[in-house]
Every structure is written in C-alpha cells, then in structure tokens.
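Comments concern the structure below.
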Amino acid sequence: MRTDFDTSIFKSYDVRGIVPAQLNDTTAYAIGRAFVEVLGRKNICIGRDMRPSGESLLAALTKGATDAGADVTHVGMISTDCIYFAVGHYGFDGGIMITASHNPADYNGFKFCREQAIAISLDTGLGDVRDKAASGDFAPSSGTGTVKQQDVLDDFAQHCLTFIDDVKKIKPFKIAIDAGNGMAGETIPRVFKYLPQITVVPLFFELDGTFPNHPASPIEPENMVDLQKAVTANGCDLGAAFDGDADRMFIVDEKADLIGGDIVTALVGIDTLRHNPGCKILYNLICSRSVPEAIIAHGGVPVRSKVGHSIIKKVMRDEDIPFGGEHSGHFYFKKNWFADSGMIALMQCLNVFSMADGPVSGVIAPIDHRSRSGEINSTVSDIPGKLAQIQEHYKDAQIDHLDGVTIQYPDWWMNVRGSNTEPLLRLNVEGDTKAIMEQHRDEALALIRS
C-alpha cells in the first residue's frame with residue numbers, strides 16, 4: 001500500500017478531494033491505470049469541467065489509462081450528463097468525468113461509468129479500483145493506447161431535443177438560466193440555438209471554476225437568490241439553475257417561487273406517462289407524497305426507491321422504468337441509457353408548460369400543496385442507537401426501513417437516514433400544512449439532538 005495515497009477520496013459513487021493535498025497528478029495516474037486494468041476497459045472517453053485543476057488531472061488520468069493499454073478519446077469541457085451520452089451514443093466501454101460537481105473550487109474529482117453508461121459504485125467495481133490504485137501494484141503494460149479528440153456537444157444537444165414532442169410547439173417563453181459559472185454555460189447555448197422562439201436571460205455563463213458569484217449548488221436556497229431576482233426583474237415565465245457539472249437542475253416559477261426537485265419529478269413523470277401510458281415511474285423516498293399521487297392520477301405506477309444514482313439506475317434497468325427522479329435534482333431517463341440529465345428534464349418541463357393554458361405556477365399548484373422541511377443534518381455519535389430511539393418514540397406510526405427509517409402518519413411523515421461518509425443523520429419532514437410540518441420537524445430535531 002502506498003503511503004501517499006489517500007483512500008478517503010473514494011466515496012460511495014465517485015472520487016472527490018482537495019487538490020493537490022488529496023487529489024493530484026500522481027493519484028490521477030494511478031486511478032486511470034487502475035480503472036482500465038481492474039475493469040478491463042479498452043476504449044474509454046474522458047471529459048472535464050471548467051475547474052482550473054482539470055487540465056493537469058486530465059493529462060495524468062489519460063497517461064495512466066493509456067499505459068494500461070486503453071485507447072482514450074478526449075471529449076472536451078462538457079457536462080456530466082454529456083459523458084453518459086458520449087459513452088452510450090458512441091459505444092465507448094467506459095467513461096470518466098473530471099468534476100467535483102457542486103463542491104468548492106479547491107476540490108476536484110472523478111465520476112465513472114461502464115459501457116452503456118452503467119454506473120459504478122464501491123460495491124460494483126469502484127472499491128476494487130481504489131484498492132489497486134492505492135497498492136501501486138500494476139501489471140506490466142501490454143502496450144500504450146492511443147489518444148484522440150472528439151467534439152460531442154452538438155450531438156448531445158440534438159439528443160436532448162428529441163425529448164421535446166415538437167420544437168415548433170414550444171411556447172416563446174422568456175427563461176432566466178443560472179449556470180453558476182459551471183458547464184451549463186457551455187451546454188445551454190448549444191441546445192437553445194435550436195429553440196429560437198425562447199428568450200434566454202443568461203446568468204453567470206462564463207466558465208469559471210473559482211465560482212466568483214455563488215456556489216454552483218442550487219439545492220441550497222441561498223444560491224437561487226440571483227435567479228429569483230432575475231426572473232422578477234425581467235418578467236420571465238420561469239427560471240432554471242444548474243449545478244457545477246450541469247447534471248442537476250432546479251426551476252422557479254414566474255413568481256420566483258422555488259420548485260423542488262420532487263415536484264419536477266412529478267412534472268416529468270406526467271409528461272413521460274403521455275408517451276408511455278400506464279408505465280412505472282420511479283421516485284426516491286425523500287420525495288413529497290404529492291409525487292406518487294400525481295403519478296397515480298395520470299395512470300402510472302409509482303415505484304419508491306432508496307436514495308442514490310447507482311441504486312436508482314439499477315432498479316430502472318431491472319424493471320424497465322422509463323423515468324425516475326430525486327428530490328436532489330437528479331432525473332433519470334431510459335432513453336438516455338438510464339442516466340441522469342438536468343437538460344433533458346428541462347426539455348420535458350417545457351413540453352408540460354407549453355401545453356398548459358396558464359402560467360407555470362398554475363401547472364405547479366395542483367401538485368405542490370404540502371410543506372417540506374428540506375434536508376437537515378445533525379451530528380450524531382451513535383447513529384444506530386439514535387435510529388432505534390426514534391422508532392420507539394414513534395412506535396404507533398407506519399414504519400419502514402427502505403432507506404434509514406421512515407415514519408408515516410396520515411397528515412405528515414419523516415425520513416431519517418445516516419450519511420455514508422460522516423457521523424450525520426439527515427432529516428426530511430413533510431406535512432399537509434406548514435404548521436404541521438414545523439411542529440413535527442422541531443419535535444424530531446429535539447429528539448435527534450438530545
């Protein structure tokens with residue numbers, strides 16, 4: 001085992017660390033070589049986001065992969081959903097995206113997939129890649145692979161547009177879009193040039209991995225304030241915000257009210273059911289009760305799942321589910337190799353909004369009528385003990401253990417689950433009214449933090 005290799009950068013589904021203290025060119029070389037050697041990859045593509053450290057990490061990762069004998073295609077500065085597209089569309093047997101998503105500027109990392117954009121987690125190969133990279137014990141190289149370049153963004157844009165019924169029937173919306181200085185600043189113009197009737201009000205489209213305006217993490221309400229102001233100031237019909245690597249997407253309506261990822265899941269689910277009557281639609285267990293209600297109301301079959309993209313993609317493949325969504329702004333599509341894409345979700349939202357007679361808020365209102373706490377983290381030393389205490393306290397509830405502990409009552413519910421990487425409990429509460437939600441949120445937090 002190499003003493004200079006920090007294995008803590010390997011998370012459940014990806015690699016993330018501070019550059020160069022945890023993640024550097026030496027580490028990247030070892031990971032590139034291990035990825036190819038352990039998983040037997042022969043022809044991979046590598047993309048990166050706009051973080052300044054990405055260029056040198058790309059060179060090192062590529063050298064490791066080619067030294068292990070794989071051919072490497074550089075697909076440029078792209079979004080993470082574009083790497084999934086590239087692997088599926090062009091037939092690569094693996095892909096690596098250099099990104100730290102929404103994390104601060106001093107971080108970088110890698111996201112991986114196999115052929116057909118199949119996700120890789122610690123349990124399905126990433127742990128073996130970690131162990132091989134950390135050991136430094138590589139097989140002798142059988143020959144050096146080749147390196148070439150390929151532009152994939154225009155093909156990706158055309159792919160995203162296939163999720164719109166008829167481009168000409170999309171209304172002439174005015175949309176404020178906050179790229180957060182992330183990769184949406186590159187992908188939005190590529191897609192929206194084919195939607196000339198739409199006026200885009202751009203916010204922070206300049207690619208800048210130092211994130212000079214606000215963190216590229218739209219799940220936090222404070223990072224949506226600039227977008228909300230732009231929607232109001234410009235009289236927009238809606239707004240959309242993307243995270244740093246542009247695979248997650250959140251919207252606001254014409255009143256600048258925030259629309260949760262779970263409600264977007266319901267919207268895209270409804271649109272999917274128009275094309276796939278009676279199909280299954282997946283949602284994770286943190287989503288509002290309004291999501292399965294909307295799916296059932298439109299003739300679909302709701303499928304409740306654990307949190308996490310690797311888990312969700314497998315369930316969708318196994319059960320042939322055309323669409324799935326998470327509260328966190330991740331949306332998954334069978335016709336996108338079961339991979340997630342914020343851009344495709346936005347396209348399907350435009351379908352829904354274009355068919356409606358009124359404003360976006362009018363489409364949302366019948367679906368979004370409950371109050372949610374958002375995810376609240378608490379540091380807990382004994383997670384199993386605390387979860388047992390919670391179950392005892394609410395023992396008259398309907399309880400399940402699909403992911404952590406879910407407590408359900410007729411007019412409210414909550415989920416408490418542990419973090420995979422930290423001594424944290426994550427609490428989500430939803431009530432039929434704001435008062436009910438706040439009452440049980442405060443009661444649960446007092447119990448968790450006692």
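The values are calculated or read from the model by the stated rules, or taken from the named source; none is laboratory data. Note that the structure is predicted; figures quoted are calculated from it, not measured. Cβ coordinates were reconstructed from backbone atoms using ideal geometry, including for glycine residues, and neighbour counts include every protein chain displayed. We work out accessible area using only protein heavy atoms, side chains counted, and drop any ligands, DNA or RNA first. Shrake-Rupley method; radii C 1.70, N 1.55, O 1.52, S 1.80 Å.
Relative protection proxy for 256-267, 427-438, 315-326, from highest mean packing down: 256-267, 315-326, 427-438 (other beta-carbon atoms within 10 angstrom). Listed peptides 73-84, 393-404 appear in the order 73-84, 393-404 once ranked by packing, highest mean of other Cβ atoms within 10 Å at the front. On the beta carbon distance between residue 450 and residue 398, with R0 = 25 Å, the FRET formula returns roughly 0.55. Summing charges over neighbours of residue 370, with a neighbour being any other residue whose Cβ is under 11 Å away from its Cβ, gives -3 when K and R count +1 and D and E count -1.
Sorted into 10 angstrom bins from 0, the C-alpha pair distances of the range 235-377 split as 12, 47, 35, 6, 0 percent. Computed from the alpha carbon atoms alone, the convex hull of the range 284-323 holds 60 Å³ per residue.
Carbon and sulfur atoms: what percent of the 1.4 Å accessible area of the range 226-354 do they account for? Each step should come with its number before you reach the end.
Values: 1920 of 3630 Å².
The C+S portion of the solvent-accessible surface of the range 226-354 is 53 percent.
For the range 110-141 and the range 88-109, what is the separation of their Cα centres, given in Å? Result: 14 Å between the Cα centres. Once divided by 2.2 N^0.38 Å, the Cα radius of gyration of the range 299-428 becomes 1.25. On a per residue basis, the range 95-141 carries 37 Å² of accessible surface, using protein heavy atoms and a 1.4 Å probe. Apolar share of the accessible surface for the range 152-220: 54 percent from carbon plus sulfur atoms, 1.4 Å probe.
Give me the percent of DSSP beta bridges within the chain that run antiparallel, rounded to the nearest 5.
Expressed as a percentage, antiparallel bridges in the chain total about 60.
Label-to-label distance, residue 389 versus residue 275, with points set 7 angstrom from Cα along the beta-carbon direction: 4.9 nm.
Calculate what fraction, in whole %, of the accessible area of the range 26-124 sits on carbon and sulfur atoms when a 1.4 Å probe is rolled over the protein chains.
Details: 1370 of 2710 Å².
Here it works out to 51 percent.
Among the trypsin sites (Lys or Arg not before Pro) in the range 19-96, those placed in a DSSP loop whose Cβ has at most 16 other Cβ atoms within 10 Å are 42.
Rounded to whole Å, the principal axis extents of the Cα atoms in the range 1-76 read 31, 29, 22, largest first.
Given the peptides 288-296, 123-131, arrange them by the average over their residues of other C-beta atoms within 10 Å, most packed first.
Output ranking for 288-296, 123-131: 288-296, 123-131.
In terms of overall dimensions, the C-alpha atoms belonging to the range 362-449 reach 44, 29, 24 Å along their principal axes, ordered largest to smallest.
One decimal place: the segment residue 317-residue 411 gains 30.5 nm when fully extended, by the rule 0.36 nm per residue minus the C-alpha distance. Overall, the chain carries a charge dipole of about 620 debye about its Cα centre when +1 sits on the Cβ of Lys and Arg and -1 on the Cβ of Asp and Glu, all other atoms neutral. Among residues other than residue 342 with Cβ under 11 Å from its Cβ, the summed charge is -4 (Lys and Arg +1, Asp and Glu -1). The string of couplings for the range 365-373 from the Karplus curve (6.51, -1.76, 1.60, θ = phi - 60°) is 3, x, 8, 9, 10, 10, 10, 10, 7 Hz, one whole number per residue in order, with x for Gly and Pro.
3J(HN,Hα) along the range 143-149: x, 8, x, 9, 10, 9, 10 Hz, from the Karplus curve 6.51 cos²θ - 1.76 cosθ + 1.60 with θ = phi - 60°, whole Hz, x for Gly and Pro. In square angstrom, what is the accessible area per residue of the range 384-439 with a 1.4 angstrom probe? With all protein chains present, the range 384-439 gives 48 Å² per residue. When only the Cβ of Lys, Arg, Asp and Glu is charged (+1, +1, -1, -1), the dipole of the range 102-246 relative to its Cα centre reaches about 480 debye.
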